[in-house]
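Undergrad: Just passing along the structure, written as structure tokens.
The values are calculated or read from the model by the stated rules, or taken from the named source; none is laboratory data. Predicted model, so just to flag it, every value in this text is computed and none were measured. Positions of Cβ are generated from backbone atoms using ideal geometry, with glycine treated the same way; all protein chains shown enter the neighbour counts.
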Amino acid sequence: MLRGTSYHTLDSKGRFILPSRFRQEMGGDGTVLFITTFDNALYAYSHDEWIQKEKDIDALAVKNRAFRRFRRSFVGSAEECKVDKQLRILIPQPLREDADLDKDIVLVGGLDHFEIWSKERLAEDKRKFLEEDMENEEVLGGISNLGL
């Protein structure tokens, strides 16, 4: 499971070093990750997790047009990204633009994937959670059902 938060800096080519605590789950040198745009950030999946996501999304896409549009967006923006010998991942320019990534990035574990955020966008997302979502009865009820 991928957990925790870490702060990184993209180099001039748009690369960052995969944190050691993510390496066991995601693989090491030569591993292919799938990175896509979602929810103002990038989501990175191991090969096996991505293949399962594609199957799950494809099953949803037969149900209605909105799910087909979601598939088009989520799968259509995905890029295969290889971990190099120095355990760096190059984020392609179109994905960096989609997520507004410049230099300072934050990696956030998402259990079956990790998210790549611009530092500024993540701060805004946290603010919205605290100021808006924590005022929503449905959200509070769901969190309460977790025993928190």
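Undergrad: Kindly provide the set of residues from region 44-58 that are surrounded by 11 or more Cβ atoms within 10 Å (Cβ to Cβ) and either part of a loop (DSSP other than H, G, I, E, B) or among the charged types (D, E, K, R) (or both), ordered by number.
TA: GLU49, LYS53, GLU54, ASP58
Undergrad: Can you run down the residue pairs with Cβ atoms below 6 Å, 6 or more apart or on separate chains, where the first is in region 56-80 and free of Cβ contacts under 8 Å to residues at least 40 places away in the same chain and the partner is polar (S, T, N, Q)?
TA: What qualifies is PHE74/THR36.
Undergrad: Hey, does region 59-75 have a residue that's surrounded by 11 or more Cβ atoms within 10 Å (Cβ to Cβ), polar (S, T, N, Q) and touching a helix residue (DSSP H, G or I) at 6+ places or on another chain (Cβ under 8 Å)?
TA: No; the residues of region 59-75 include none that is surrounded by 11 or more Cβ atoms within 10 Å (Cβ to Cβ), polar (S, T, N, Q) and touching a helix residue (DSSP H, G or I) at 6+ places or on another chain (Cβ under 8 Å).
Undergrad: Against the condition under 12 Å from the mean Cα position of the chain (by Cα) and in contact (Cβ under 8 Å) with a residue 60 or more places away in the chain, how does VAL106 come out, does it pass?
TA: yes
Undergrad: Can you tell me which residue in region 20-39 is modelled with the highest pLDDT, limited to those that are over 16 Å from VAL108 (Cβ atoms) and among the β-branched types (Val, Ile, Thr)?
TA: Looking at residues that are over 16 Å from VAL108 (Cβ atoms) and among the β-branched types (Val, Ile, Thr), I get VAL32.
Undergrad: Out of LEU101, LEU146, LEU111, LEU87, report the one residue that is touching a residue at least 40 places away in the same chain (Cβ under 8 Å) and loosely packed, with under 11 Cβ neighbours inside 10 Å.
TA: Going through LEU101, LEU146, LEU111, LEU87 in turn, the sole match is LEU111.
Undergrad: Determine whether region 115-123 contains at least one residue that is farther than 16 Å from PHE22 by Cα, part of a loop (DSSP other than H, G, I, E, B) and not hydrophobic (A, V, I, L, M, F, W, C).
TA: no
Undergrad: Is it the case that some residue within region 66-87 is in contact with a Leu (Cβ under 9 Å, 6 or more places away or on another chain), within 18 Å of LEU111 (Cα to Cα) and in a helix (DSSP H, G or I)?
TA: Scanning region 66-87 turns up no residue that is in contact with a Leu (Cβ under 9 Å, 6 or more places away or on another chain), within 18 Å of LEU111 (Cα to Cα) and in a helix (DSSP H, G or I).
Undergrad: Between residues in region 18-40 that are part of a helix (DSSP H, G or I) and residues that are surrounded by fewer than 17 Cβ atoms within 10 Å (Cβ to Cβ), which pairs lie under 6 Å by C-beta distance while being six or more apart or on different chains?
TA: Listed pairs, sorted by first residue: none to list.
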